[in-house]
1. Every residue in segment 26-69 that is closer than 15 Å to Lys11 by Cα and of a type in the set (Lys, Arg), please.
2. Can you confirm whether segment 58-65 contains a residue that is exposed (fewer than 15 other Cβ atoms within 10 Å of the Cβ) and at pLDDT below 95?
3. Any idea how many residues of segment 27-54 are loosely packed, with under 12 Cβ neighbours inside 10 Å and within 10 Å of the chain's Cα centre (by Cα)?
Amino acid sequence: MVAIKEKVTKKMIVNDAIKLYPNTIGVFNQFHIDSCCGGAVCIEDAAKRDKADLDALLKKLNEVAGGAN
């Protein structure tokens, strides 16, 4: 079985993820991640800052970006 590489990683900058995969903005909003003024940080830091579950966030982002099983 071939593993599917994640398209969105925890080290990706929030705004870069949104530029590459515009559909992810809804996921960031769902997890209360500030993608406006706070979008210049990596997803991992944004999740910590906004008290979001990083694993659940990444799973949903990759589903929307087309990188999840």
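1. Scanning segment 26-69 gives Lys48, Arg49, Lys59.
2. Within segment 58-65, not a single residue is exposed (fewer than 15 other Cβ atoms within 10 Å of the Cβ) and at pLDDT below 95.
3. Number of matching residues: 0.
The values are calculated or read from the model by the stated rules, or taken from the named source; none is laboratory data. In this text the structure is predicted, and so the values were computed from the model without any measurement. Please note: Cβ atoms are built from the backbone with ideal geometry, for glycine as well, and neighbour counts cover all protein chains shown.
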